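Everything below concerns the one structure shown next.
The values are calculated or read from the model by the stated rules, or taken from the named source; none is laboratory data. This is a predicted model, so every value here is computed, not measured. All Cβ positions, glycine included, derive from the backbone under ideal geometry; neighbour counts span all protein chains shown.
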Amino acid sequence: MRRAMGAATRCALLLALVLVAAAPRMAVGDGDGGGGGEAREEQVLSLWSSSSARDGEAEDEGRFLKSEWEDDEDDDDEEDRVMAVQGKGACRNVVNVDSFGAAGDGDGDDTQAFASAWKTACSLDNAVFLVPAGRRYKVGAIQFVGPCKDNRMIIQIQGTIVAPEEPSEWDPRSPRLWLLFSGLAGARIQGGGVIDGSGSKWWANSCKINKSNPCRGAPTAVTIDSCRGVRVRGLRVQNAQQIHVTVSRSRGVRVGGLRIEAPEDSPNTDGIHVAESTAVTIQRCRIGTGDDCISIVNGSFGVKMRDIDCGPGHGISIGSLGKGGAFAAVADVALDSARISRSQNGVRIKTWQGGAGYVRGVRFANVAVDGVDHPIIIDQFYCDAATRPCANQTSAVAVSDVSYRNISGTSRLAEAIRFACSDAVPCTGIVLSDINLRRADDDGEVQTVCNCAVGFDYGRVQPAADCLRSSTCGGAPDKHHPDDHDEEQGKDEAVVLHAEL
């Protein structure tokens, strides 16, 4: 403890000496001088001690892009050190949004204060953008854009950030984005705070809720776009206008310890949506919304998920893919350890007829399901309500090399396992092992249904999947179960946000 206090004291004394010597010419940021420099410095700078020296930080940053599973216990320690001075290390520059005029009362518009605070934080070394605890900040559409001076920027959200409730208040220049983080490398977004999209009036205006309304998109609450090595952890994201968290056109992003919540009937409120991204890790997240807990779409490779608690919602999905004849590619996706309850689907792959491309190298393992309509499903005849019935087409996104291991629990419907694959492009390399599914409330038997699905099963598999060895092709299977999912959202069509890194 004495060592920790000594480090903090040395930092404070050093800064004080520098300020005394250079007060006439010092200014915050790049040191270009100007009037009011001292007052500005007092407004934005405070100190703490980080536990890691520069060499340790560089080594830690190099782990962002590793493909192996890693625990985030080191992040827990790091976050504790954000607000408690201890250990040795570099001085941090804390930029508090309150110092830039944020009211923090939930009524005043704090958007400009956040923008000004970000501009300053992004220009500093060892910067922390701080949203203090115990306050509620009303913020409209805003962009936190890099690159910043320091790749180790920390965005510390401890209070609550809330969106305007009225859609009419929304900035028309940003119809699909609320909080955008773009062009950042190595940043950490953390703090245990709340991001609340105030989505109820957006949902009421949805064509899913009121069929007389036109189908329109709505903002995504948090978007990580064109970033590298960013970590998002320990936040509660709730009541998004539409998708809660999107990772797009990024590499090496790690998401952990999020709690994502919205009502079961809120339309298109996916939990975490991954698009055009590589080496994304999602772990230890609790997600319950009105749509997919996690959705993975075109251009995503090397996505790993672990310890996911999903439900209510539509399950964990790859797709939809191939809408409107588009080419789509997803590969090397792994889910290891999940609990899925009160959900429309368990683990799902969904593609449109007429598309092209592939889904391959997918592994679903160690999944417990409870009261799920279809615990295991591949649907190559996906069709939303706006265009139903969809015309049969000969081309399709190819699905291959998909394995399911140690999946157990209860199905609400008889078709616990459903492989509805294309006549023209059958599913191949489907493997089932250690499957134990039964009907919820012991209400009858469960079954496996196959159309143009080729593969095999081994070990205990209940219900039996003999159809994988003798599957016939006979067109779209009966009792197709669309989930009216993409009318407004257009999930497989990436929204162009900024230039890629």
Original post:
Is there any pair linking a residue in region 406-426 that is at positive phi to one that is of a type outside the set (A, V, I, L, M, F, W, C) and at pLDDT 95 or above, with Cβ under 6 Å and at least six apart or on different chains, and which?
Top reply: N406/N366; N406/D434; G409/D370
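For region 174-293, give me every one of the strands (runs of 3 or more DSSP E) that falls completely inside it and has 1 or more residues that are closer than 21 Å to D307 by Cβ, aliphatic (A, V, I, L, M) and free of Cβ contacts under 8 Å to residues at least 40 places away in the same chain. Quick ask: steps written out before the conclusion?
On the way: elements: 177-182, 188-190, 194-196, 220-225, 231-233, 236-238, 245-248, 254-256, 259-261, 272-275, 278-288.
Because the criterion is at least 1 residues that are closer than 21 Å to D307 by Cβ, aliphatic (A, V, I, L, M) and free of Cβ contacts under 8 Å to residues at least 40 places away in the same chain, the strands (runs of 3 or more DSSP E) in region 174-293 that meet it are 245-248, 254-256, 259-261, 272-275, 278-288.
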**OP:** Pick out the one residue from A221, A163, A141 that is at pLDDT 95 or above and touching a His at 6+ places or on another chain (Cβ under 7 Å).
**Re:** A221
Original post:
Out of A368, A356, which single residue is at pLDDT 95 or above, touching a helix residue (DSSP H, G or I) at 6+ places or on another chain (Cβ under 9 Å) and not polar (S, T, N, Q)?
Top reply: A356
Subject >> Subset of region 110-150 (residues that are polar (S, T, N, Q) and either over 15 Å from V94 (Cα atoms) or in contact with a helix residue (DSSP H, G or I) (Cβ under 7 Å, 6 or more places away or on another chain) (or both)) >> reply: T111, Q112, S116, T120, Q143
Original post:
Restricting to region 419-454, what's the tally of residues that are closer than 20 Å to V359 by Cα and of a type in the set (A, V, I, L, M)?
Top reply: 8
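Got a sec? Which of T410, T394 is among the β-branched types (V, I, T), more than 26 Å from the chain's Cα centre (by Cα) and not in a loop (DSSP other than H, G, I, E, B)?
From the options T410, T394, the qualifying one is T410.
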Original post:
Do the conditions hold for A356, that is, is it in the same structural domain as L413 (by TED's automatic domain parsing) and free of Cβ contacts under 8 Å to residues at least 40 places away in the same chain?
Top reply: no
**OP:** Could you figure out which of (1) more than 23 Å from K208 (Cα to Cα); (2) out of contact with any strand residue (DSSP E or B) (no Cβ under 9 Å at 6 or more places or on another chain); (3) not hydrophobic (A, V, I, L, M, F, W, C) isn't true of P389?
**Re:** (1)
Original post:
Hey, does region 385-405 have a residue that's surrounded by fewer than 16 Cβ atoms within 10 Å (Cβ to Cβ), touching a Lys or Arg at 6+ places or on another chain (Cβ under 8 Å) and modelled with pLDDT of 95 or more?
Top reply: no
Subject >> Flag for V397 being under 21 Å from I435 (Cα atoms) and not basic (K, R) >> reply: no
Original post:
If you take the residues in region 294-313 that are in contact (Cβ under 8 Å) with a residue 40 or more places away in the chain and outside any loop (DSSP other than H, G, I, E, B), which one is nearest to R176 (Cα to Cα)?
Top reply: S295
